[in-house]
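Have a look at the structure below, then the notes.
The values are calculated or read from the model by the stated rules, or taken from the named source; none is laboratory data. Since we're looking at a predicted model, the values are computed, not measured. Cβ placement follows ideal geometry from the backbone for every residue including glycine, while neighbour counts extend to all protein chains displayed. The accessibility values were calculated without ligands, DNA or RNA, using every heavy atom of the protein model including side chains. Shrake-Rupley method; radii C 1.70, N 1.55, O 1.52, S 1.80 Å.
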Amino acid sequence: MVMTLSAHSLRFSWDNKRDIFSDISFTLKPGELFCILGPNGTGKSTLLRCLIDLLDLHSGSVRLDDTDIREMDRQELSRKMAFVPQGYDVAFPYTLLEYVLMGRAPYISAFSSPTEEDVRIAVEAICEVGVHHLIEKPVNEVSGGEHQLALIARALAQKPDILLLDEPTSHLDFGNQMQVLSLIERLRDRGITIIMTSHFPDHAFIVSDQVGIMQGGKFSMIGPAEEVITSDALRATYHVDVRVEYIEVADRKVCIPIRYRPGSLCPVESILDQILANFSDPAHRCTNCGFMPEQENIMIIQPDGIQV
Amino acid sequence: MDNQNLSSNPIHPSEPDNLTNIKDLTKKLNINIPLSIALYILPVLIIFWSLFMGRFEVDPGNVLRILISSIFPIDHTWTSAEETIVMQVRLPRIIAAVMVGAALSMAGAAYQGLFKNPLVSPDILGVSSGAGFGAAVAILISSSSWMIQVSAFAGGIAAVLCTYLLSRLYKSGQILVLVLSGVIVSSFFGALLSITKYVADPYEKLPTIIFWLMGSLSSVRYTDLFAIAPAMFLGGTILLLIRWRINLLSLGSDEARTLGVDMKQITRIIILCATLLTAASVCISGIIGWVGLVVPHLGRMVTGPDYRRLLPMTIVMGASYLLIMDDLSRTLITTEIPLGILTALLGAPFFAYLLWRRKTGWS
C-alpha cells in the first residue's frame, strides 16, 4: 500500500512566541522525492521532526492519505514512515547486524525477539546499502559514512512507504555522497516517497522531483528543481552569487558559487593567474575566461619580489 | 511493500552468497558459545561447593545425601548437626545470594540500557537510600527482622516513586531529568538516614544500623526468601520478556520513538521491574553496592551488548559472583566480613584487571 503524504499549514514554535516555521503546506504523491533546501538554522530539521511526530506541531496537520499521523499508533506509524537522523550516538557497541535488526521493531511485539525472517530482511537491507562487509563489526568502530549507511539500512528494515532523511550527505566524502544519492534514487524508483534536507543545491538537481527552498520559516519557493533552483533564488537564499549552468558531460545543471577576490575584477581567475597573465599578455586579458578589465581599474596585489 | 526483492540490486550482485544462510548468521550472532555454556553451568557447581564449604566441615557425599533425602527418604548416615548446617543455615543463605546477585545484576543491566549509560547502577533512582532509611527507622523503633524488611522495602519503593513524580514535574520527560531527580531524592533520603543514625542509641541501635547498611546475608531464613520471591519473579520475568526492546532504548529516545517504541510506557515498566528487583534484594541483604554496576559489564564482555543474550548472562554471572563473595565473606576469616564491603574490596581490583586486560564491551 503506497500513501500520499500531505502537510497542511504547519506551524511550530518552541516558546509560543517566535515561530520557527509557519504556513508550511505541500503534498507528495507516492514515489516522489522532495528535497528541502535552505540556510542553516531555518528549521529544516525541525520540520522533518514534526513530519514524523517527534515534535508537537503548534497548529496544522500531517496526513497520510486522509489520516492525521497524530491519531495513529506509534508502532503503526513506524511501519509507514522511517526517519534517518543526522547525528547518532550509540551507547553500546552493537554489531551492524544487531543495529539494523532494531529497524524490525515495528513488526515485533513487545514480548518477542526478532525471528530468522527479521534477520533475513535486515541482511537484505544491509546488502542494499552496500555495507555487508561490516556486518559483524561494532557500529562504534565504523566510519561516519558507513554509520550513515547503516542508519539508512535500519530505516529500510522498517519497510517504510515514506522515508525522511535529515541531511543524509552532510558527513560524507565526495564518493560516499554520490553513493548515498544514487541509493536514494534507487529507493525512490522502487516507489518509496522520500523527503530529504540538504545543504547542497546540486544534490537537488541530481535526484529531486520537487524542491522547496525554506527561508525565514516559510517555503519561499516550491516546485520542480529546474524551475526553483535559479541564480536569483540561490542568491536570495544564501546571499552569495551562484551561477547555475548546464554542464554537458554531467547532463544536468550544476551550481557554482562565485567568490570575488579583493583586488581582482575577474570573477573566475586567481590572483596568481592574474600576475602570470601580466607577464604573457600585455592586454591583461584573463587567461581563463578572456575577461579584459579596463587598464586604469587594475589593482593587482603584488607579492614581494615579483616585478611586474 | 513486504515482497520487494531487495537482493536483486544490480550494484552489489554477488555478495549475498556467503550470507544466504540466515541460520548461520543467526548463529554467528552468538559469540563465545563455549564460554557461555560454561558460565551457565558455573552457578550449579558453585552452589554445591558452597554447601560443604565453611567452618563446620561436611563431607561432600553427605551433602549430596542430605539433599536427596529431602526429596526421597533414604537411610540417615549423617549427624543431625550436619543436616541442620546444610539445610537450615547454608542452603537458605546460598539461595539468597543467588537471588540477590541475579536480581541486582539484572536491574543494573536494565537501567544501563534505559539511561543509555554504562555507569549506572540499580540504585540510580534512590532505591538504596530509601531502603536504608526505612530499615534504620525500623531498627530504631523495633528490632523484629520482619519489620526491618518491610520498612526497607517500603522505603525503597517510596524513594523511587518520589524520583519518578519529581521528574514528571519537568514536562519534556527527558531521561536526564530522571537521573537528576534520582540524585536529589537519594541525597534527601541520605540526609534522613544520617538524622536517624545521629539520634540512634550509640551502644545498641547504631551498630545494628551500620551493620545492616554494610549488607549481609547471614541471617536469611526460608520465610524471607518466600516473602521476596514473588516480587523478584514478577520483575525478573517481565524484564526477560521485553529484553530485546531494551536495546532500542539505548539508541536514545527520538530514534526509539521513530522505531515505534512507546517511551513513556516502557520507561515505566523498566523502572517498576528494576525497583521491585532491587528493593526486594535490599530488604533481605542490606545495601550491597557494586554488583549491579559491574556484572552487566562482565556479561557484555562475554555476550556483547545485545540484551537478548546479555540479560540471561547477567543472571547467571550475578548469581555466581555474589555467591562466591558470600562464601568468601563467611570463610575468609573467623568472623564474618560484611558482604557489601567484600563485593567492593575484591570486585573493584578484579574489574580493574579486566578493564586492563580486555575490551569491556563499551567505548
#### Entry: Unmet requirement for B:Leu310, which otherwise passes all of (1) assigned to a helix (DSSP H, G or I); (2) over 17 Å from the mean Cα position of the chain (by Cα)
(2)
### Query
All but one of (1) of a type outside the set (Phe, Trp, Tyr); (2) at pLDDT 80 or above; (3) open to solvent by 50 Å² or more (accessible area, probe 1.4 Å) hold for B:Leu39; which doesn't?
(3)
## Note on the structure
Taking the range A:100-112 and keeping only residues that are small (Gly, Ala, Ser), at the interface with chain B (Cβ under 7 Å from one of its Cβ atoms) and surrounded by fewer than 18 Cβ atoms within 10 Å (Cβ to Cβ), one is left with A:Ala110
### Query
Residues in the range B:189-211: is at least one open to solvent by less than 40 Å² (accessible area, probe 1.4 Å), under 20 Å from the mean Cα position of the chain (by Cα) and closer than 25 Å to B:Gly108 by Cα?
no
## Note on the structure
Scanning the range A:80-93 for residues that are touching a residue at least 60 places away in the same chain (Cβ under 8 Å) and surrounded by fewer than 20 Cβ atoms within 10 Å (Cβ to Cβ), the one farthest from the other protein chains (Cβ to nearest Cβ) turns out to be A:Gln86
### Query
Somewhere in the range A:140-161, is a residue more than 12 Å from chain B (Cβ to nearest Cβ) and in contact with a strand residue (DSSP E or B) (Cβ under 6 Å, 6 or more places away or on another chain)?
yes
### Task
Answer with yes or no whether A:Gly31 is in a loop (DSSP other than H, G, I, E, B) and touching a strand residue (DSSP E or B) at 6+ places or on another chain (Cβ under 7 Å).
yes
### Summary
Sole miss for A:Asn176 among (1) of a type outside the set (Val, Ile, Thr); (2) open to solvent by less than 20 Å² (accessible area, probe 1.4 Å); (3) outside any strand (DSSP E or B) is condition (2)
### Query
Which residue pairs have Cβ atoms closer than 8 Å, lie 6 or more positions apart in sequence or on different chains, and pair a first residue in the range B:146-161 that is on the phi < 0 side of the Ramachandran plot and of a type in the set (A, V, I, L, M) with a second residue that is outside any helix (DSSP H, G or I) and crowded, with 17+ Cβ neighbours inside 10 Å?
B:Ala159/B:Gly126; B:Val160/B:Gly126
### Summary
A:Ile152 vs (1) part of a helix (DSSP H, G or I); (2) open to solvent by 20 Å² or more (accessible area, probe 1.4 Å): all pass except (2)
### Message
If the requirement is being touching a Gly at 6+ places or on another chain (Cβ under 8 Å) and farther than 20 Å from B:Asp306 by Cβ, which of these qualifies: A:Arg74, A:Arg70?
### Response
A:Arg74
### Task
Check whether at least one residue in the range A:238-261 is open to solvent by less than 50 Å² (accessible area, probe 1.4 Å), modelled with pLDDT under 80 and farther than 26 Å from A:Cys35 by Cα, and report yes or no.
no
### Message
Residues that are over 13 Å from the mean Cα position of the chain (by Cα), open to solvent by less than 10 Å² (accessible area, probe 1.4 Å) and more than 9 Å from chain A (Cβ to nearest Cβ): does the range B:261-270 have at least one?
### Response
yes
### Message
Show the residue pairs meeting these rules: Cβ distance below 6 Å; 6+ apart or different chains; first residue within the range B:38-58 and part of a helix (DSSP H, G or I); second residue open to solvent by 50 Å² or more (accessible area, probe 1.4 Å) and at pLDDT 80 or above.
### Response
B:Phe52/B:Pro60
### Message
Let me spell it out: the conditions are (1) in contact (Cβ under 8 Å) with a residue 12 or more places away in the chain; (2) more than 8 Å from chain B (Cβ to nearest Cβ); (3) out of contact with any strand residue (DSSP E or B) (no Cβ under 8 Å at 6 or more places or on another chain); (4) under 26 Å from A:Asn140 (Cβ atoms), and A:Asp65 meets all of them except one. Which number is the exception?
### Response
(4)
### Task
Assess whether B:Phe153 counts as being more than 14 Å from chain A (Cβ to nearest Cβ) and at pLDDT 95 or above.
no
### Task
Sort out for me the strands (runs of 3 or more DSSP E) sitting completely within the range A:187-263 that have 3 or more residues that are within 15 Å of the chain's Cα centre (by Cα).
A:193-197, A:210-215
## Note on the structure
From the option list A:Ile192, A:Ile213, A:Ile184, single residue qualifying as surrounded by 21 or more Cβ atoms within 10 Å (Cβ to Cβ), in contact with a strand residue (DSSP E or B) (Cβ under 8 Å, 6 or more places away or on another chain), in contact (Cβ under 8 Å) with a residue 40 or more places away in the chain and within 11 Å of chain B (Cβ to nearest Cβ) is A:Ile192
#### Entry: Among (1) in contact with a Ser or Thr (Cβ under 9 Å, 6 or more places away or on another chain); (2) closer than 30 Å to B:Arg257 by Cα; (3) open to solvent by 30 Å² or more (accessible area, probe 1.4 Å), the one test that B:Leu119 misses
(1)
### Query
What are the residues in the range A:136-145 that are touching a residue at least 40 places away in the same chain (Cβ under 8 Å) and open to solvent by 10 Å² or more (accessible area, probe 1.4 Å), if any?
A:Glu136, A:Lys137, A:Pro138, A:Asn140, A:Glu141, A:Val142
### Message
Quick check on the range A:68-79: of everything there that is among the charged types (D, E, K, R) and at the interface with chain B (Cβ under 10 Å from one of its Cβ atoms), which residue is least open to solvent (accessible area, probe 1.4 Å)?
### Response
A:Arg74
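Conditions (1) under 22 Å from B:Arg308 (Cβ atoms); (2) touching a Lys or Arg at 6+ places or on another chain (Cβ under 7 Å), marked per residue:
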residue	(1), (2)
A:Phe111	yes, no
A:Glu117	yes, no
A:Leu164	no, no
A:Glu185	no, no
A:Ile192	no, no
A:Thr197	no, yes
### Task
Just name the residue that is nearest to the chain's Cα centre (by Cα) out of those in the range A:27-43 that are buried (at least 21 other Cβ atoms within 10 Å of the Cβ) and modelled with pLDDT under 90.
A:Gly38
### B:Leu239 being within 30 Å of A:Glu76 (Cβ to Cβ), in contact with a Lys or Arg (Cβ under 8 Å, 6 or more places away or on another chain), within 14 Å of another protein chain (Cβ to nearest Cβ) and buried (at least 21 other Cβ atoms within 10 Å of the Cβ)
no
### Identity of the residue in the range B:308-340, in contact with a helix residue (DSSP H, G or I) (Cβ under 6 Å, 6 or more places away or on another chain) and over 21 Å from B:Phe48 (Cα atoms), that ends up surrounded by the most Cβ atoms within 10 Å (Cβ to Cβ)
B:Leu310
### Message
Regarding the range A:122-131, can at least one residue be identified that is more than 24 Å from A:Ile162 (Cβ to Cβ) and either within 8 Å of chain B (Cβ to nearest Cβ) or modelled with pLDDT under 90 (or both)?
### Response
no
